[in-house]
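This report concerns only the one structure given below.
The values are calculated or read from the model by the stated rules, or taken from the named source; none is laboratory data. Because the structure is predicted, anything quoted here is derived from the model rather than measured. Cβ placement follows ideal geometry from the backbone for every residue including glycine, while neighbour counts extend to all protein chains displayed. Remember, those area values only see protein heavy atoms, side chains included, never the ligands or the DNA or RNA. Shrake-Rupley method; radii C 1.70, N 1.55, O 1.52, S 1.80 Å.
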Amino acid sequence: SWAAERKRLEAATAKWVKKSTEDTRLLLEEQALTRQLVDNQQQLRDQIAELKATAADMQEQIRDLTFFISTQKALGEEQSADNELRGASIVGVAEPAPPRGKGKGKRRIPRR
């Protein structure tokens, strides 16, 4: 009968409308989640870039501090060596006298 067919089709249509509405709701939720994940991913990328810049700055500061400390240490050692030499006498080796041999120079006449 026509009325029974109509009821069956209306029930099937209602079922498909309900499923379609549920699918649309799920799709909108997934789209919102996707947008949120993309936003979070961008925030994380920004944070990573900031951390990399901070790490590079810290590496530069470490290099500067290392140079400063090694320079201070070298200066301290130099001053310590200077203090040890203060008041001490340094004895050098005299240059050897030139050999006295027969040269081609002017001869002296011995005195009598």
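Determine whether E60 is modelled with pLDDT under 90 and in a helix (DSSP H, G or I). Judged against the criteria, E60 is not a match.
In this structure, is S1 surrounded by fewer than 10 Cβ atoms within 10 Å (Cβ to Cβ), out of contact with any strand residue (DSSP E or B) (no Cβ under 8 Å at 6 or more places or on another chain), without any contact (Cβ under 8 Å) to a residue 12 or more places away in the chain and not acidic (D, E)? Yes; evaluated as a whole, the condition is true for this residue. The set of residues in the range 63-99 that are in a loop (DSSP other than H, G, I, E, B), at pLDDT 65 or above and open to solvent by 90 Å² or more (accessible area, probe 1.4 Å) comprises E95, P96, P98, P99.
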